[in-house]
1. If you take the square roots of the eigenvalues of the alpha-carbon gyration tensor of region 104-158 and sort them as a ≥ b ≥ c, do you get rounded (a/c under 1.5), prolate (a/b over b/c) or oblate?
2. Given the convex hull over the Cα atoms of region 21-88, what projected area results after averaging over all orientations, in nm²?
3. Note down the nm distance, to one decimal, between modelled labels 7 Å out along Cα→Cβ at Arg58 and at Ile16.
4. Calculate, in nm to one decimal, what Phe69 and Phe121 gain on full extension: separation in residues at 0.36 nm each, minus their alpha carbon distance.
5. So, in nm, how far is label Asn107 from label Tyr87 when the simple model puts each one 7 Å beyond its Cα toward the Cβ?
6. Mind telling me which of Arg29, Arg58, Arg88 comes out most flexible in a GNM of the chain, alpha-carbon contacts under 10 Å?
7. Springs between alpha-carbon pairs under 10 angstrom, Gaussian network model over the chain: which of Gly45, Gly32, Gly56 fluctuates most?
8. For the pair Arg78/Asn137, report the inter-label distance in nm, with labels modelled 7 Å from Cα in the Cβ direction.
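Every number in this text was worked out from the coordinates using simple rules, so none of it is lab data. Not measured: the values here are computed from a predicted model. All Cβ positions, even for glycine, are placed from backbone atoms using ideal geometry, and neighbour counts span all protein chains on display.
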Amino acid sequence: MERSTEKIYELGKMNIDQLLKLAGEIGERLCGGETILLYGDLGTGKTTFVRGLARGLRIEERLVRSPTFNIINTYPGRLILVHADLYRLGNQRELLDLDLEDLGDDNTVMAIEWPEMYRPFVELPCLIVKLKHWSENERVVSLSSLDEKTDGLLSFLK
């Protein structure tokens with residue numbers, strides 16, 4: 001079992017293009033088995049970040065849509081991107097019924113919006129993305145890596 005070694009990267013304000021570029025660079029470095037937890041209020045850019053990940057995974061980013069109503073969308077690319085939005089879930093039972101853990105493997109990247117309920121079930125490697133609204137076109141971004149593998153994904157930030 002990997003040991004948690006949380007490192008936090010406070011990136012400050014980014015416009016939407018910078019956010020897409022950052023996520024794309026992370027997506028290029030993903031090798032499968034990672035989980036990305038996206039925190040932020042409505043409209044802060046969680047799905048936009050997933051579009052950038054898709055770009056880095058060689059998935060047409062225009063195909064990426066918020067899975068608010070579907071709850072889970074899956075996109076094939078260099079790796080399979082499983083994009084879940086847990087906003088509408090009301091309780092742990094609904095979460096367990098999704099069987100999210102059965103969707104992930106070494107050829108899959110999980111991107112989870114509104115992961116508060118799911119967080120206790122997450123195993124490493126895990127990357128946390130926190131987005132806050134600054135202005136219409138800017139967001140405050142911080143990233144947390146919880147293990148050596150995801151910290152390696154962020155080595156280009158050092």
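1. oblate
2. For region 21-88, the mean projected area of the Cα convex hull comes to 4.3 nm².
3. Between Arg58 and Ile16, the label points sit 2.8 nm apart.
4. Contour length minus Cα-Cα distance gives 16.5 nm.
5. So the label points at Asn107 and Tyr87 sit 3.1 nm apart.
6. Arg88
7. The residue that fluctuates most here is Gly32.
8. Reported label-point gap for Arg78 and Asn137 is 2.9 nm.
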